[in-house]
Amino acid sequence: MMRFSLLTAVGLSILLGGCGGEPNTARYGANPGLPEQQRGLLPSMKIADPVGWGDMRPTVPQGYAITAIATGLKVPRQTLVLPNGDILVAEGKGGGDAPKLRPKDIIAGIIKAKGTTSVKGGDRLTLLRDADGDGVYEGRTVFAEGLNAPYGLALHDGSLYVANQDALVRLDYRNGQTRADGAPTTVTALPAAINHHWTKSLAVSPDGRLLYVGIGSNSNITERGMAAEVDRAMIWQVDAATGAHRPFATGVRNPTALAIQPGTQTLWAVANERDELGPDLVPDYLTSVRDGGFYGWPYSYWGKTIDPRVRPQKPALVATAIRPDYALGAHVAALGVAFSSSVMGGRFADGVFVGEHGSWNRDAPSGYKVVFVPFRDGRPAGQPVDFAVGFMGKDGKTRGRPVGVTLDPRGALVIADDLSNTVWRVTPNR
Amino acid sequence: MSISVGRTPTHPLHPVHAVLLGGCVPLFLGALLSDIAYARSYEVQWLNFASWLIAGALVFCGFALLWAVVEVLRRDRRGRRRLGYALMLLVTFVVGFVNALVHAKDAWATMPEGLILSALVAIFVLAATWLGFAGTRTAVTA
């Protein structure tokens, strides 16, 4: 009897201990596990090993088809579907002027460059046209050139906004136009010194009066000093008429894509979080963006978890840090976001598509695909679903890296791929 | 009559070897001082300085080590006496290299390990330099 109860007690305590100490290993969703920070003597590095697509294609769900509608582009990043169905592609590669401050910057730069295209950025917008609606984009013209690493694109009425790496500019747009009339007008200069994270993401408010510009940090975690971070790691709200700006949300390390939720005024963003804290830290995220919100960078992540690499610390500011809505997984490098609609078919009608460029700071690569985050009642609900995969093959070779994703209201998802310099189009079979 | 002061015969370092060895000291010392400055000020530029000073020190230290190892392997009169020096220099290089990797971490992630290693390396390089030059005193002969 004594022995029995002892065993029971031991068993119970193991059970209880198991319950209490069970680590949260969730990688996705509203409540991801945040493991211990770790960093060996060398950072984990697994760089994409690029090869051509050949006869291969990304894999899409059953009932969907994928085609390359444009190849041979000059580093396509983000796309915009115009009212007449034409597609504008922003092509460019920025950030080359960031000074190499340490031996590490030189070595890491050489290694990481192996995982990206060697093509020079086009600094232009290419227009793709499918005049007869057969899904073949037979028309291709250069809409605008001489831009400076254009990335974010937005259209409101007759104004086409382009976020260059150093300025937000406006071009006039008439329906059906295949070439811009003239040189762009500058709406406002954007923070461009160093440009460690050079991409400037862009969204326009439904009434067209306000523009939102995502500006990435100038470092991984302040290793270029805090002076370099003035006006960085934030989302600006810009008055479209005057160019006046104010910080709309701060502490967002690298807001790489922005979108307004259809039928609302709510701004959503995907953001890339910091590296070198381990394979499952820090989750990149999808979040609705609160006016005046502080999202942690550099002092904390996923709300109020302190990053000890930053000195001096700011506990008072960390106390105000907001937890993002939805973790996409660490190191996936989310670079594109697009709200879906019923044109994409049942399973993929309510939610957002996210383009994931893929990891470098992780032994087991993550990302390298387009996922769908299902929504319910206007909020993310449930696990992300693979939508386009096979960018990194089972052979370990990488054939493409997704960047921008855009919904074509005629019933397609447009995916920019900046490794194979291709624009893909995924359509539900009819 | 003969005076013999036989403690250390003269086998001075080759001048180039001496430059390589001597160069390590201010470079590693500079890295230590830069680390101290960063730890006190949180100004990351000091960390950049430390990274480059360590990298430079490793170049000098590496060539000096190579030279020392070759002398030991040749087992000539210099080499036999310089085994301790070569070992001390090896320790300096290895710990210095680890320190370079630690300094490749971002911002305060280098601390306190970077500062501790910089201090150790500074001591090691002084010891190696002492041993290296110790055999070069001009012996008194008559």
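The values are calculated or read from the model by the stated rules, or taken from the named source; none is laboratory data. Given the structure is predicted, the values throughout are model-derived calculations rather than measurements. Every residue, glycine among them, receives a Cβ derived from its backbone with ideal geometry; neighbour counts consider all protein chains shown.
Step by step: first the residues of segment B:108-128, then only those that are among the small types (Gly, Ala, Ser) and buried (at least 24 other Cβ atoms within 10 Å of the Cβ), then the one that is nearest to the other protein chains (Cβ to nearest Cβ). Which residue is that?
So the residue we want is B:Gly114.
Mind checking which residues of segment A:133-152 are loosely packed, with under 13 Cβ neighbours inside 10 Å and touching a Gly at 6+ places or on another chain (Cβ under 8 Å)?
Residue satisfying the conditions is A:Gly133 alone.
Any residue at all in segment A:289-309 that is within 14 Å of another protein chain (Cβ to nearest Cβ) and among the basic types (Lys, Arg)?
yes
Residue-wise test of (1) over 25 Å from A:Gln313 (Cα atoms); (2) over 11 Å from the mean Cα position of the chain (by Cα); (3) at pLDDT below 95.
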{"position": "B:Val25", "(1), (2), (3)": "yes, no, no"}
{"position": "B:Leu66", "(1), (2), (3)": "yes, yes, no"}
{"position": "B:Arg75", "(1), (2), (3)": "yes, yes, yes"}
{"position": "B:Arg78", "(1), (2), (3)": "yes, yes, yes"}
{"position": "B:Val95", "(1), (2), (3)": "yes, no, no"}
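Can you tell me which of B:Leu21, B:Leu73, B:Leu115 is assigned to a helix (DSSP H, G or I) and within 26 Å of A:Leu42 (Cα to Cα)? I'd like the intermediate steps shown before the answer.
On the way: B:Leu21 fails: within 26 Å of A:Leu42 (Cα to Cα); B:Leu73 fails: within 26 Å of A:Leu42 (Cα to Cα).
Of the residues listed, the single one that is assigned to a helix (DSSP H, G or I) and within 26 Å of A:Leu42 (Cα to Cα) is B:Leu115.
Can you tell me how many residues in segment B:29-60 are within 10 Å of chain A (Cβ to nearest Cβ), surrounded by fewer than 20 Cβ atoms within 10 Å (Cβ to Cβ), hydrophobic (A, V, I, L, M, F, W, C) and in contact (Cβ under 8 Å) with a residue 60 or more places away in the chain?
Qualifying residue count for the region: 1.
Select, from A:Val318, A:Val282, the only residue that is within 14 Å of another protein chain (Cβ to nearest Cβ) and in contact (Cβ under 8 Å) with a residue 12 or more places away in the chain. Walk me through it before giving the result.
Values: A:Val318 fails: within 14 Å of another protein chain (Cβ to nearest Cβ).
Answer to the check: A:Val282.
Starting from residues that are under 19 Å from the mean Cα position of the chain (by Cα) and either among the charged types (D, E, K, R) or in a loop (DSSP other than H, G, I, E, B) (or both), keep the ones in segment A:323-349 and report whichever is nearest to A:Asp417 (Cα to Cα).
My answer is A:Ala333.
Mind telling me which of the residues A:Ala192, A:Ala257, A:Ala240 ends up being under 22 Å from A:Gly404 (Cα atoms), more than 14 Å from chain B (Cβ to nearest Cβ) and in contact (Cβ under 8 Å) with a residue 60 or more places away in the chain?
Residue meeting the stated conditions: A:Ala257.
For segment A:76-107: of the residues being hydrophobic (A, V, I, L, M, F, W, C) and without any contact (Cβ under 8 Å) to a residue 60 or more places away in the chain, which is farthest from A:Ser44 (Cα to Cα)?
Ranking the qualifying residues of segment A:76-107, first place goes to A:Ile106.
If the requirement is being closer than 25 Å to A:Gly382 by Cα, modelled with pLDDT of 95 or more and of a type in the set (A, V, I, L, M, F, W, C), which of these qualifies: A:Leu317, A:Leu328? Please lay out each step first, then the result.
Numbers: A:Leu317 fails: closer than 25 Å to A:Gly382 by Cα.
One residue alone meets the criteria, A:Leu328.
Please determine whether any residue of segment B:73-90 is within 12 Å of another protein chain (Cβ to nearest Cβ) and of a type outside the set (Asp, Glu).
no
Pull up segment A:255-268, narrow it to residues that are farther than 17 Å from A:Val370 by Cβ and surrounded by 24 or more Cβ atoms within 10 Å (Cβ to Cβ), then point me to the one that is farthest from the chain's Cα centre (by Cα).
A:Leu267
Among the residues of segment A:24-31, is any within 14 Å of chain B (Cβ to nearest Cβ) and out of contact with any Leu (no Cβ under 6 Å at 6 or more places or on another chain)?
no
Looking at A:Pro150, is it at pLDDT 95 or above, farther than 26 Å from A:Ala240 by Cα and of a type outside the set (A, V, I, L, M, F, W, C)?
Considered against the rule, which asks whether it is at pLDDT 95 or above, farther than 26 Å from A:Ala240 by Cα and of a type outside the set (A, V, I, L, M, F, W, C), A:Pro150 comes out as no.
Could you look through segment A:38-62, keep only residues that are farther than 17 Å from A:Arg401 by Cα and modelled with pLDDT of 95 or more, and pick out the one that is nearest to the other protein chains (Cβ to nearest Cβ)?
A:Pro61
Return the residue satisfying two criteria in turn: it lies in segment A:63-117 and is more than 26 Å from A:Pro50 (Cα to Cα) and either of a type outside the set (A, V, I, L, M) or within 14 Å of chain B (Cβ to nearest Cβ) (or both), and of such residues it is surrounded by the fewest Cβ atoms within 10 Å (Cβ to Cβ).
A:Pro99
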